[in-house]
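Take a look at the structure set out below.
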Amino acid sequence: MTEVLNDRAAWLKSGAAKCSKPPAVKGPPRRYILLGPPGAGKGTQAELLAARIGGCQLSTGDVFRAAKNTGAASQSPAVRTALEAMAKGELVQDETVLEMIRERLRCLHCGGGILLDGFPRTVAQAEALTALLRQQKIKLDGVLNYELPLATIVARLGGRRICQTCKAVYHVENQPPATPEVCDKCGGDVIQRDDDQPEAIRVRMEAYERSTLPLTEYYRKQGLLRTISAAGSPEEVHHRTLTVLAQA
Ligand code: AP5
């Protein structure tokens, strides 16, 4: 079993939680947003990039899924509403997401760099992030925009499995765990996400096209957008990403 390098506790739990290990520092911290439709492979690429160039994967979806595991009794009404929206494939309200980000401001300053995965997702969130980064004197290095045809997206999401504990991502055909339903990295249970059912996938794609796609224009105007094809194996997409970063 591979050792878990960083449990991202500060991000997933917030409050006074500390990460199990400080992030690996590989030169000056780099800060990217990973953009793209559900299932394009943002989480997979974030893991590969974190290992290669450093940076903590700050996934807003992972925060909500971690909150789900704490049980209904300890969830605030806002979190319960967020989880209901998420299970249906709808976006969580901007104010709830932004509150969650404000509670985790110290993660934006992570010395190892950051890979924002799944945030921002609406123009209102992007505007709020721009203001927050300016206020915190944090500079973004770029926005990696992954593109993939719909048929491939559906195949990737239908076969996806995730570790309930460390959130590692698997695929039943392309990337199964060595032991069925057991995480290679931490031994946790490997499960299917609620929102990877066909109806929720359809709703998520609509939400992406309506609310998130306009962000490409927002970041193109700022000169930050780098569009990358997400077709091919995870390693191929990773190499394509490194090539794009080297040219930036
Ligand atoms: P979130 O968790 O962010 O999900 P998502 O954006 O829908 O993205 P996914 O995690 O589904 O896909 P991914 O691109 O990371 O792909 P992955 O690497 O896993 O959000 C979930 C929900 O939370 C939202 O619907 C919303 O309700 C809520 N939410 C979160 N943030 C929010 C926000 N900011 N505002 C409002 N609401 C918010 O890969 C997919 C599968 O494909 C895996 O099985 C993987 O193994 C496989 N795979 C990956 N790459 C390849 C490859 N190159 N070749 C073959 N297989 C591959």
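Some values worked out for this structure:
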item: Measure of compaction for region 44-113 (Cα Rg per 2.2 N^0.38 Å); result: 1.25
item: Orientation-averaged projected area, Cα convex hull of region 182-248 (nm²); result: 7.0 nm²
item: Full-stretch length increase - residue 137, residue 173 - with 0.36 nm per residue and alpha-carbon distance subtracted; result: 8.6 nm
item: Within the chain, longest stretch free of exposed GluC sites (Glu not before Pro) [DSSP loop, at most 15 other beta carbons within 10 Å]; result: 4-102
item: Violating pairs (Cα-Cα greater than 27 angstrom) within the set 26/137; 88/139; 26/167; 68/137; result: 88/139; 68/137
item: Between region 135-178 and region 179-248, the Cα center-to-center distance that results, in Å; result: 4 Å
item: Isotropic mean projected area of the C-alpha convex hull, region 122-175 (nm²); result: 6.1 nm²
item: Positive-pole candidate from 91, 163, 129, dipole of the chain, charges at beta carbon; result: 129
item: Positive-pole candidate from 81, 70, 50, dipole of the chain, charges at beta carbon; result: 50
item: Cα Rg over Rh - region 1-100, Kirkwood; result: 0.98
item: Selected from 211, 138, 151, residue furthest toward positive end of dipole (the chain; charges at beta carbon); result: 138
item: Binned Cα-Cα distance frequencies in region 133-248 - 5 Å width, integer %; result: 2, 10, 14, 16, 18, 18, 13, 7, 2, 0
item: Per residue convex hull volume, Cα atoms of the chain, in Å³; result: 122 Å³
item: Accessible surface of the chain [probe 1.4 Å, protein heavy atoms]: carbon and sulfur percent; result: 55 percent
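The values are calculated or read from the model by the stated rules, or taken from the named source; none is laboratory data. None of the values given here were measured: they were computed from a predicted structure. Positions of Cβ are backbone-derived with ideal geometry, glycine not excepted, and every protein chain shown enters the neighbour counts. SASA here: full protein model, heavy atoms, side chains in, ligands and nucleic acids out. Shrake-Rupley method; radii C 1.70, N 1.55, O 1.52, S 1.80 Å.
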